[in-house]
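The values are calculated or read from the model by the stated rules, or taken from the named source; none is laboratory data. Owing to the predicted nature of the structure, the values given are computational and were not obtained by experimental measurement. Reconstructed Cβ throughout: ideal geometry from the backbone, glycine too, with neighbour counts over all protein chains shown.
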């Protein structure tokens, strides 16, 4: 699934390494998670992105939502970041107020 041009979520570790050269951030899964864990990660992760949290914060929220203590290291999600990108400062969702203000300025 592609979110903007900056983030891709994949389920194969090898693919995440290949994609990292072309996008800012990739979430890769080394192993497998149950359907419930996958759903809970998605709710935490995409919920954080939708609330305009940084990619790093949203990733941490997704990880917290799946109770990582039950997964072995190989099955845990991994955030991979392209060189030169700081996931703590990367926010994918625009603030609707700034978008509205830009729209008003464009209309003159």
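Values for this structure:
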item: Test result for residue 64, at pLDDT below 75 and surrounded by fewer than 17 Cβ atoms within 10 Å (Cβ to Cβ); result: no
item: Unmet requirement for residue 1, which otherwise passes all of (1) exposed (fewer than 13 other Cβ atoms within 10 Å of the Cβ); (2) modelled with pLDDT of 85 or more; (3) within 13 Å of the chain's Cα centre (by Cα); result: (2)
item: Residue in segment 46-55 that is loosely packed, with under 14 Cβ neighbours inside 10 Å, assigned to a helix (DSSP H, G or I) and touching a residue at least 24 places away in the same chain (Cβ under 8 Å) present; result: yes
item: Filter result (farther than 11 Å from residue 54 by Cα, at pLDDT 85 or above and under 15 Å from the mean Cα position of the chain (by Cα)) within segment 67-99; result: 77, 78, 79, 80, 81, 82, 85
